[in-house]
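This report refers to the structure that appears directly beneath it.
The values are calculated or read from the model by the stated rules, or taken from the named source; none is laboratory data. Since the model is a prediction, treat every value here as computed from it, not as a measurement. Heads up, the Cβs are rebuilt from the backbone with ideal geometry, glycines too, and the neighbour counts pull from every protein chain shown.
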Amino acid sequence: MLIAIPAGVILLASCASPSPEISESPEGSEFAVLDEVTDIGCGEPVPLRGPDGQPVNLTGLWSNRGEPEPGWNVRQLGSCMFAADLSSPGPPGYYQVICDGTIGTDFVITARCIDFLQGGVGQPDWGREYFLIRFADSGQVELVRCLDRETPATCEEPIVRWEPPT
């Protein structure tokens with residue numbers, strides 16, 4: 001038995017009030033970003049700025065550099081971040097991995113992620129992870145997913161804002 005979340009739904013949890021609302025993306029829009037969320041208890045946006053002085057907004061589709069398809073759907077709401085791994089091998093139309101977390105002024109998102117396959121049948125396991133917000137030499141925002149923020153060997157390759165191939 002496979003437990004997964006439909007691709008049009010993003011679950012809001014760690015920054016959330018006891019009973020958050022769940023919004024669905026428009027029908028037929030697998031990669032649509034969550035646009036309307038109410039009463040989830042996220043604080044004011046963290047005033048993060050890039051090297052160019054512009055505010056950092058993480059909402060959007062992200063992927064490894066040069067990938068033809070987006071790998072993550074990320075939503076920043078106040079001081080909260082929600083993400084769904086679009087590239088994980090779940091059944092079509094479902095997310096296998098989802099994360100939620102709190103954005104810190106130190107450019108670190110302390111998150112908890114759940115992998116519905118790794119947690120076993122009916123036993124999903126929320127694990128502590130970190131997303132480091134970094135900037136490439138070009139100034140492009142990168143997200144780096146790590147199991148331990150102090151141990152680079154636990155980190156994946158950085159992901160960047162996805163752009164459709166031209």
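Of note:
- Criterion applied to Pro152, Pro158, Pro70, Pro89 was being surrounded by 14 or more Cβ atoms within 10 Å (Cβ to Cβ) and at pLDDT below 90, and the one residue passing it is Pro70.
- Residue in region 42-63 that is surrounded by the most Cβ atoms within 10 Å (Cβ to Cβ), counting only those that are under 14 Å from Thr105 (Cβ atoms) and among the aliphatic types (A, V, I, L, M): Val46
- Any chance Glu163 is of a type in the set (Asp, Glu), in contact with a strand residue (DSSP E or B) (Cβ under 9 Å, 6 or more places away or on another chain) and at pLDDT 90 or above: no
- Residues satisfying the stated conditions in region 116-144, i.e. at pLDDT 90 or above and of a type in the set (Lys, Arg): Arg134
- Close pairs from region 65-87: first under 14 Å from Glu157 (Cα atoms), partner assigned to a loop (DSSP other than H, G, I, E, B) and aromatic (Phe, Trp, Tyr), Cβ under 8 Å, at least 6 apart: Glu67/Trp162; Gly71/Trp162
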